[in-house]
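Here, each number is a calculation from the coordinates, and none is a lab measurement. If you're wondering where the values come from, they're calculated on a predicted model, not measured in any experiment. All Cβ positions, even for glycine, are placed from backbone atoms using ideal geometry, and neighbour counts span all protein chains on display.
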Amino acid sequence: EYFIDKDKKIFKAIFEKKNQKILFFADEFFDGWTFEFESNVRFEKDFERLDENSLTGCVTFYNSTINDIKLIINNLHCEDAVNIVKTSGTINTIEIINSNSDALDVDFSNLVINNIFISNANNDCIDLSSSNITIRYSYVFDCKDKGVSVGEVANVNIEDIVVKNTKTGVAVKDSSTVLAGKVEIQNTDVCVAVYRKKQEFGPASFLAETIECESKEYFTQDGSSITLNKSS
């Protein structure tokens, strides 16, 4: 079921079956739209990662230009709640609650995101690959694996982030760089991990101006680097 209000720029959809997905693609702007999605589909441990179109997201933005949009997402059942691919522009707010696997997955995109709020993802809360991303503020918690995962030659600037209740707070892999301002990480096994996962890529790096992490556990593979100007 879906609802579109072109005057107020609102798109709402409810998924009723596990094979239902939504794909947005346009050369013109999605400007100032609010997108709201939820699902009545029961979560499954074993699910098809890709469909016949190789889509992993319940919601996918592909090859689009976006400006000041909002994403409000609840209880989505796919490999990725939302997958943003080859897309550029700005996002005002991303709010994702309850994801069957990854919550936010971004590939090959150039984005500025003002606010991210994600809770209860059964894998990673944020997964960024081969992209240039600026995140102004992010609050993520109850991620079963990583709070933020960055890989495959991604360049990410995070101004302010809070991560709670994850295995790894921030993971940076495979020729990627994360520059962070204020970082707060609570109740994680590993604060930050920096390493090469795939042989075709090189080392990675993480730099934070200030970081507070309760576990004080950091992992750095030879060749990669973690730089903490001030830490506790």
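Projecting the Cα atoms of PHE11, LEU228, TYR62 onto the charge dipole of the chain (Cβ charges, centred on the Cα centre) puts LEU228 farthest toward the positive pole.
Multiplying the sequence separation of LEU179 and PHE29 by 0.36 nm and subtracting their Cα-Cα distance, what value in nm do you get?
The span from LEU179 to PHE29 would gain 51.1 nm if fully extended.
Charge dipole (Cα centre; +1 on Lys/Arg Cβ, -1 on Asp/Glu Cβ; no other charges) of region 20-166 amounts to roughly 300 debye. The H on the amide N of GLU217, modeled in the peptide plane, is under 5 Å from the matching H of CYS191, each at least 5 residues off or on a different chain. With point charges of +1 on the Cβ of Lys and Arg and -1 on the Cβ of Asp and Glu, referenced to the Cα centre of region 13-167, which listed residue (PHE30, ASN40, SER88) lies farthest in the positive direction of the dipole? Farthest towards the positive end: ASN40. Want the number for GLU36 to GLU214: 0.36 nm per residue separation, take away the alpha-carbon distance, what's left? Taking GLU36 through GLU214 to full extension adds about 60.6 nm, to one decimal. 3J(HN,Hα) along region 56-62, derived from phi through the Karplus expression 6.51 cos²θ - 1.76 cosθ + 1.60 where θ = phi - 60°, amounts to 9, x, 4, 10, 10, 9, 10 Hz, with x in place of Gly and Pro. For region 120-130, putting each phi into the Karplus relation 6.51 cos²θ - 1.76 cosθ + 1.60 with θ = phi - 60° gives couplings of 6, 10, 6, 9, 8, 6, 10, 10, 10, 9, 6 Hz, in residue order, rounded to whole numbers and with x for Gly and Pro. Net charge of the neighbourhood of ILE185, taken over other residues with C-beta under 9 Å away and scored Lys/Arg +1, Asp/Glu -1, is -2.
3J(HN,Hα) couplings calculated from phi for region 158-174 with the Karplus curve 6.51 cos²θ - 1.76 cosθ + 1.60 (θ = phi - 60°) are, in sequence order, 10, 7, 8, 9, 10, 10, 9, 6, 9, 6, 10, x, 9, 10, 10, 9, 6 Hz; Gly and Pro show x. Using DSSP to call loops (not H, G, I, E or B), can you name the GluC sites (Glu not before Pro) in region 162-224 whose Cβ has at most 12 other Cβ atoms within 10 angstrom? Qualifying residues, ordered by number: GLU200. Put simply, the amide H of GLY202, placed in the peptide plane, has neighbours under 5 Å in SER175, leaving out anything fewer than 5 places away on its chain.
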